[in-house]
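Read through the structure below, which is laid out as structure tokens, and then see the notes.
The values are calculated or read from the model by the stated rules, or taken from the named source; none is laboratory data. This is a predicted model, so every value here is computed, not measured. Counting neighbours? That spans all protein chains shown, and the Cβs are built from the backbone with ideal geometry, glycine included. Just the protein is used for accessible areas: all its heavy atoms, side chains included, with ligands, DNA and RNA removed. Shrake-Rupley method; radii C 1.70, N 1.55, O 1.52, S 1.80 Å.
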Amino acid sequence: MEITKGPGSPAVLDEDQALELLAYLVTAARTQVDEAAEYGPLRLLTAACRLGAAIAPRASAATAGFVAGPLAAVPELAVPRDGREEYAARLDELCRALAGHLTEHFARDTP
């Protein structure tokens, strides 16, 4: 997968920030091997929140709004042992919000 900067899109991560996120993802993958399955979503949401915090200051207003709104509304430390249906519903809503943001974001680049 090639990551390119779209026309008019700001660069939102520098190499150090990208390497920090990469290190977190790789070590989280290793840690997950020995942890309960419930920690998988926790690790992914923590990574999403870290990425959001890194990009928000240099992102478009719409992306910064997504990071501060729908992404921040889902507690990254909520481990779904009980109430799995509600937790899954919150993640579904986050996915819908992200899909809406991505649709609007990339529609701007389409003639």
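Condition check ((1) outside any helix (DSSP H, G or I); (2) closer than 15 Å to LEU77 by Cβ; (3) open to solvent by less than 60 Å² (accessible area, probe 1.4 Å)) across all residues:
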| position | (1), (2), (3) |
| --- | --- |
| PRO10 | yes, no, no |
| LEU13 | yes, no, no |
| LEU22 | no, no, no |
| VAL26 | no, no, no |
| ALA36 | yes, yes, yes |
| PRO41 | no, yes, yes |
| CYS49 | no, yes, yes |
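Determine if region 51-58 includes at least one residue that is farther than 15 Å from VAL12 by Cβ and surrounded by 11 or more Cβ atoms within 10 Å (Cβ to Cβ).
no
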